[in-house]
Amino acid sequence: MTDVTKPGTKPARPYFSSGPCAKPPGWEASKLATESLGRSHRAKIGKARLGLAIDLMREVLQVPDTHRIGIVPGSDTGAFEMAMWTMLGAKPVTTLAWESFGEGWVTDAAKQLKLDPTILRADYGSVPDLNAVDWSNDVLFTWNGTTSGARVPNGDWIAADREGLSFCDATSAVFAYDMPWDKLDVTTFSWQKVLGGEGGHGVIILGPRAVERLENYTPAWPLPKVFRLVSKGKLAEGVFKGETINTPSMLAVEDVIFALEWAKSVGGLEGLKARSNANAAALGKIVDERSWLGHLAADPATRSTTSVCLTVEGADEAFIKAMAGALEKEGAAYDVAGYRDAPAGLRIWCGATVDTADIEALGPWLDWAYATTKVAA
């Protein structure tokens, strides 16, 4: 390819970052409610807004009443490590890792908590053999590998009669896939992914078996205050009603309420899934039409429909940096370089807050950036 003519049309919203992700269509800061700002989060209005955020998450995600939903500090990392530090150690542990965040949980389990876990790994773009998981163990896994573009196909591989707990890092999966809540004992995510919310806050969803573990098991190690979900041997129920462990940003809370109300306006979970699937299909068409582009996750059954990772023929890290830089300079696409630990390539967010028309408009710009970078190399 030698044509370096700039395309005539740019994506209207060129926000393709995989976190923080594009804001919902129509978002403006001026549209956020502000009555809770400058007030205590423990005042009636603060508790009400936090409670509303929890109720809306339950409604949109279709979380059953058997599960508690809590807003916690530290984004998805804080939520997942809270679960690890408070519940692991009662049973042997199996960790699954096929990208950088899963490897982070391996490090926590092996080097920080010193649990000598069984580790099932796969290369970027693939997932481990899910049939090899021993469900007499507690099992840690990411549903959707944000940095590799590979995901578990469904929840069928999670044993219904499991002895251990399932710990699911679902931060780029919730609001984009059907989550089998009866199979998920602990689920964590952050608002900054599929909702396009602000960072810094995590969400932890506990099923009945996780609550039972918390109330009947005390880990051997000290627990920081921000991890404590139990008081006097019982679950701290207030955490799951809007009484957060530490001070939240009410501006971030108002922002996610806006995103959740928007989610309802586009059809709730089904509407969000449809938007994400349409975006992934549009990007897939772009890839299929170009010999120099490919999917890092080769198997469609385990290919992400949110954080889609692409290979670029002949590209190294410097080439990708130049290509992404050219797109950003033109205002055609922001933050599309692959994750720093992943193989050199592009990563395009296709979650529901992205418009399909913007994905479609991206194709010619990828052609332009690829040709321009090759000419300059």
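Per-structure values
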{"read-out": "Restricting the stretch 344-377 to residues that are within 14 Å of Pro24 (Cα to Cα) and touching a helix residue (DSSP H, G or I) at 6+ places or on another chain (Cβ under 7 Å), the residue that is surrounded by the fewest Cβ atoms within 10 Å (Cβ to Cβ)", "value": "Thr356"}
{"read-out": "Among the candidates Asp316, Asp335, Asp341, residue that is under 24 Å from Thr9 (Cβ atoms) and open to solvent by 10 Å² or more (accessible area, probe 1.4 Å)", "value": "Asp335"}
{"read-out": "Close pairs (6 angstrom Cβ cut-off, 6 or more residues apart or separate chains): among the β-branched types (Val, Ile, Thr) in the stretch 333-344, outside any strand (DSSP E or B) and open to solvent by less than 40 Å² (accessible area, probe 1.4 Å) anywhere", "value": "Val336/Phe16; Val336/Ala324"}
{"read-out": "Residues satisfying the stated conditions in the stretch 318-359, i.e. more than 24 Å from the chain's Cα centre (by Cα) and among the acidic types (Asp, Glu)", "value": "Glu330"}
{"read-out": "Where a residue in the stretch 116-132 is loosely packed, with under 14 Cβ neighbours inside 10 Å and its partner, wherever it lies, is of a type outside the set (S, T, N, Q) and assigned to a helix (DSSP H, G or I), with Cβ under 8 Å and at least six apart", "value": "Asp116/Ala110"}
{"read-out": "Among (1) open to solvent by less than 10 Å² (accessible area, probe 1.4 Å); (2) not in a loop (DSSP other than H, G, I, E, B), the one test that Gly197 misses", "value": "(2)"}
{"read-out": "Qualifying residue in the stretch 292-299 (condition: modelled with pLDDT of 95 or more, open to solvent by 20 Å² or more (accessible area, probe 1.4 Å) and farther than 16 Å from Ser126 by Cβ)", "value": "no"}
{"read-out": "Pair list, Cβ < 6 Å and 6+ apart or interchain, from the stretch 282-303 residues that are hydroxyl-bearing (Ser, Thr, Tyr) to residues that are in a loop (DSSP other than H, G, I, E, B) and surrounded by fewer than 20 Cβ atoms within 10 Å (Cβ to Cβ)", "value": "Thr302/Pro153"}
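The values are calculated or read from the model by the stated rules, or taken from the named source; none is laboratory data. These numbers were taken from a predicted model, which means no experiment stands behind them. So basically every Cβ, Gly included, is an ideal-geometry build from the backbone, and we count neighbours across all protein chains shown. Remember, those area values only see protein heavy atoms, side chains included, never the ligands or the DNA or RNA. Shrake-Rupley method; radii C 1.70, N 1.55, O 1.52, S 1.80 Å.
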